1. Go through the residues of region 104-114 one by one and say whether even a single one is in contact with a helix residue (DSSP H, G or I) (Cβ under 6 Å, 6 or more places away or on another chain), of a type outside the set (D, E, K, R) and closer than 25 Å to residue 212 by Cβ.
2. Those residues that are crowded, with 21+ Cβ neighbours inside 10 Å and either aromatic (Phe, Trp, Tyr) or farther than 18 Å from residue 143 by Cα (or both), I need them from region 246-259; list them, please.
3. Here are some conditions: (1) buried (at least 20 other Cβ atoms within 10 Å of the Cβ); (2) in the same structural domain as residue 187 (by TED's automatic domain parsing); (3) hydrophobic (A, V, I, L, M, F, W, C). Residue 265 meets all but one. Which one does it not meet?
4. Of (1) more than 30 Å from residue 213 (Cβ to Cβ); (2) at pLDDT 95 or above, residue 97 satisfies all except one. Which?
5. What residue, among those in region 95-112 that are within 17 Å of residue 291 (Cβ to Cβ) and not β-branched (Val, Ile, Thr), is surrounded by the fewest Cβ atoms within 10 Å (Cβ to Cβ)?
6. For region 230-270, name all the residues that are under 23 Å from the mean Cα position of the chain (by Cα) and on the phi > 0 side of the Ramachandran plot.
7. Out of 92, 73, 46, which single residue is touching an Asp or Glu at 6+ places or on another chain (Cβ under 6 Å) and either under 23 Å from residue 292 (Cα atoms) or modelled with pLDDT of 95 or more (or both)?
8. At least 2 residues that are over 30 Å from residue 320 (Cα atoms) in each: list the helices (runs of 4 or more DSSP H) lying fully within region 18-111 that qualify.
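The values are calculated or read from the model by the stated rules, or taken from the named source; none is laboratory data. Remember, predicted model here, so these are calculated numbers, not experimental data. In this analysis, Cβ positions are derived from the backbone assuming ideal geometry, glycine residues included, and neighbour counts consider all displayed protein chains.
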Amino acid sequence: MKRFSILSVIICLVVPVQVLASDLTIGFSWNSVTQPLERAWEDYMRSEAEVQGKAAGVNIKWVFNVADGDPSRQANNIEDLITQGVDIVSARAEDAGAINASIRAAKSANIPFITFDRKSGSVAPTAHVGGDSYDQALTTGRAFADLLGSKGVTGKCIELQGALTDINAVQRTKGWAKVVAERSEVSTITQVPTEWNPELFRSGLANALRANPDANCAFIASDFAITAVQAALEEADKWYPSGHPKHFWLATQDVLPGAVPLMEAKYIDVSTSYDAFAHSQEMVRVAIAIHKGEDPGCSADGCLAKGRVVTPANIGTIENLWSKTYK
């Protein structure tokens, strides 16, 4: 009979057992990759997969493809991912209706489907990950009210709305309306629908300023058209930085690349980021939870990542602000 020393038994007991990570392959279908935002999302997803994957014991691999704005091509791309046998399919849909068939196809193959940034139409995915547009407006509006109150200013604001067929625009209008209802420092004196058309940002604001000469502020649904806003304010002799007696107070949404230098120069007073880093963190978190058979804890609207309030005071130090890094 083979004998073992007490020391050898102790060594066997204390040597740690290596836990092998499980593999998770995520197939991701971009509708298009034409803007810095998509590159930021993808880079952040890759880096977060390393961080969160290591912590969760999951080895995450990615397969990305691009549809170049073509819904039919995106459907084919997703079919390719399904055929490859990826563990999870995710997509930023080019068309909310067309993506329904792809969700059905993935589910038929017993592959979970995560919609990203843009929701599907009538067919629910396994989970949806996106930004919390309602919270964006709340945080921006409340910070704006705090700022105006601290300056002794009563805000008489023009609201430049997005396209009211876009749920993100609708949620931002609802969030701003809640702030106006709860805070005395701000009010809305007129609303301007823009259909996300930069020319309507310019002409709509110009007309609103002529009709409301007492207006001293604006809540803007997105700062993607900030140069159009600038043109209207310059025409009205109201484009001056904070601290100038003619400064027109501006609250925006998103902090897109074109807005960064204008906030740094103190023309924009407050915004809440459309936060690519937070979206990517949430995407990876949800994918890992689904892979492990856990409930990702989404609300009825999805797993929505909140943005961060950005001002001239913190824009120089806030970390992972994609619009400063990706030009």
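1. Checked against the condition, which is being in contact with a helix residue (DSSP H, G or I) (Cβ under 6 Å, 6 or more places away or on another chain), of a type outside the set (D, E, K, R) and closer than 25 Å to residue 212 by Cβ, region 104-114 yields no hits at all.
2. Matches in region 246-259: 248, 249, 256.
3. (1)
4. Result: residue 97 passes all but (2).
5. 110
6. 254, 255
7. None of the others qualify; the one that does is 92.
8. Per the criteria, 71-84, 99-108.
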